[in-house]
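Below: one structure, written as structure tokens.
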């Protein structure tokens with residue numbers, strides 16, 4: 001594993017052969033840990049938000065999930081081992097957890113219908129998985145203490161949080177202190193895909209930038225971030241800031 005910086009943001013270059021082993025090692029740490037799946041949109045949000053900037057740079061593992069990150073690193077002659085398909089990565093992680101570690105998993109995301117359907121699909125797809133619970137994310141604010149208590153009682157080793165970004169990264173960072181050696185991973189749209197609300201992206205769709213373009217259509221205002229991204233790459237290159 002090799003850690004780079006792109007525009008001041010940490011990014012880890014980890015091969016697919018070792019990434020799951022690295023994640024499993026985090027469960028041996030005597031503290032809660034956070035894994036961030038980073039694309040260009042989230043990176044640029046962090047450039048304009050000090051809280052998010054610190055969250056990402058304090059994460060134990062930051063994995064690239066968009067070709068924009070790869071392009072940016074290549075621009076500074078740095079090669080990333082793998083750009084991950086966030087959905088396939090999550091599925092393979094659940095497979096590895098089920099087959100190799102037998103550790104407890106908790107899933108948080110989606111609305112009531114998507115959450116229920118995702119639980120059904122997970123149990124059917126991963127027989128033997130220790131899925132200790134799940135909950136939707138559209139809960140009332142005053143319910144959260146009960147939710148956190150329920151999660152603590154099942155002592156999860158892994159918590160998959162599926163909210164909009166950067167809300168999920170901030171949610172994880174501010175709540176993980178309530179847990180011991182638990183690995184939190186934010187995976188936007190994971191529950192919606194498992195719940196049948198969205199289609200899963202193919203590796204080709206991710207690598208070609210097609211998925212990023214699809215998300216751009218959903219958030220047209222974010223086009224501003226992509227323009228600034230390319231400008232900052234040039235500025236950092238010219239002034240040798242990276």
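The values are calculated or read from the model by the stated rules, or taken from the named source; none is laboratory data. Quick caveat, the model's predicted, so the values are computed rather than measured. Here the Cβ is made from the backbone with ideal geometry for all residues, glycine too, and neighbour counts use every protein chain on show.
Given the criteria within 17 Å of residue 172 (Cα to Cα) and either touching a strand residue (DSSP E or B) at 6+ places or on another chain (Cβ under 8 Å) or at pLDDT below 95 (or both), does residue 61 qualify?
So residue 61 passes the test.
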Matching residues in region 120-174 (over 22 Å from the mean Cα position of the chain (by Cα), within 17 Å of residue 95 (Cβ to Cβ) and surrounded by 13 or more Cβ atoms within 10 Å (Cβ to Cβ)) number 0
Which condition breaks for residue 186 when tested against (1) modelled with pLDDT of 95 or more; (2) surrounded by fewer than 21 Cβ atoms within 10 Å (Cβ to Cβ); (3) touching a helix residue (DSSP H, G or I) at 6+ places or on another chain (Cβ under 9 Å); (4) closer than 24 Å to residue 65 by Cβ? (2)
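Residues to consider are 111, 181; find the one that is modelled with pLDDT under 95, more than 17 Å from residue 200 (Cβ to Cβ) and under 20 Å from the mean Cα position of the chain (by Cα).
Exactly one of 111, 181 is modelled with pLDDT under 95, more than 17 Å from residue 200 (Cβ to Cβ) and under 20 Å from the mean Cα position of the chain (by Cα), namely 181.
Okay, residues lined up against (1) in contact with a strand residue (DSSP E or B) (Cβ under 9 Å, 6 or more places away or on another chain); (2) more than 17 Å from residue 59 (Cα to Cα):
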{"residue": "93", "(1), (2)": "yes, yes"}
{"residue": "131", "(1), (2)": "yes, yes"}
{"residue": "152", "(1), (2)": "no, yes"}
{"residue": "158", "(1), (2)": "yes, no"}
{"residue": "177", "(1), (2)": "no, no"}
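In contact (Cβ under 8 Å) with a residue 24 or more places away in the chain and assigned to a helix (DSSP H, G or I): does that describe residue 19?
Numbers: in contact (Cβ under 8 Å) with a residue 24 or more places away in the chain: yes; assigned to a helix (DSSP H, G or I): yes.
Taking the combined requirement at face value, the residue satisfies it.
Got a sec? Which of 170, 176 is touching a residue at least 12 places away in the same chain (Cβ under 8 Å) and in contact with a helix residue (DSSP H, G or I) (Cβ under 7 Å, 6 or more places away or on another chain)?
Values: 176 fails: in contact with a helix residue (DSSP H, G or I) (Cβ under 7 Å, 6 or more places away or on another chain).
Residue meeting the stated conditions: 170.
Sort through 70, 113, 117 and tell me the only one that's part of a helix (DSSP H, G or I) and out of contact with any helix residue (DSSP H, G or I) (no Cβ under 9 Å at 6 or more places or on another chain).
Values: 70 fails: out of contact with any helix residue (DSSP H, G or I) (no Cβ under 9 Å at 6 or more places or on another chain); 117 fails: out of contact with any helix residue (DSSP H, G or I) (no Cβ under 9 Å at 6 or more places or on another chain).
Answer to the check: 113.
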Could you check, for region 179-186, whether at least one of its residues is out of contact with any strand residue (DSSP E or B) (no Cβ under 9 Å at 6 or more places or on another chain) and not in a loop (DSSP other than H, G, I, E, B)? no
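In region 100-110, which residues are surrounded by fewer than 18 Cβ atoms within 10 Å (Cβ to Cβ) and either in a loop (DSSP other than H, G, I, E, B) or in contact with a helix residue (DSSP H, G or I) (Cβ under 7 Å, 6 or more places away or on another chain) (or both)?
Of all residues in region 100-110, those surrounded by fewer than 18 Cβ atoms within 10 Å (Cβ to Cβ) come to 100-102.
101, 102 - these are the residues of region 100-110 that are surrounded by fewer than 18 Cβ atoms within 10 Å (Cβ to Cβ) and either in a loop (DSSP other than H, G, I, E, B) or in contact with a helix residue (DSSP H, G or I) (Cβ under 7 Å, 6 or more places away or on another chain) (or both).
Each row is one residue, and each column tells you yes or no for (1) in a strand (DSSP E or B); (2) at pLDDT 95 or above; (3) over 25 Å from residue 24 (Cα atoms).
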site: 149; (1), (2), (3): no, yes, no
site: 161; (1), (2), (3): yes, yes, no
site: 199; (1), (2), (3): no, no, yes
site: 212; (1), (2), (3): no, no, yes
site: 216; (1), (2), (3): no, no, yes
site: 229; (1), (2), (3): no, yes, yes
site: 235; (1), (2), (3): no, yes, yes
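To keep it simple, each residue is scored yes or no on (1) crowded, with 21+ Cβ neighbours inside 10 Å; (2) more than 25 Å from residue 96 (Cβ to Cβ); (3) out of contact with any helix residue (DSSP H, G or I) (no Cβ under 6 Å at 6 or more places or on another chain); (4) in contact (Cβ under 8 Å) with a residue 12 or more places away in the chain.
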{"position": "10", "(1), (2), (3), (4)": "no, no, no, yes"}
{"position": "25", "(1), (2), (3), (4)": "no, no, yes, no"}
{"position": "32", "(1), (2), (3), (4)": "no, no, no, yes"}
{"position": "50", "(1), (2), (3), (4)": "no, yes, yes, no"}
{"position": "61", "(1), (2), (3), (4)": "yes, no, yes, yes"}
{"position": "64", "(1), (2), (3), (4)": "yes, no, yes, yes"}
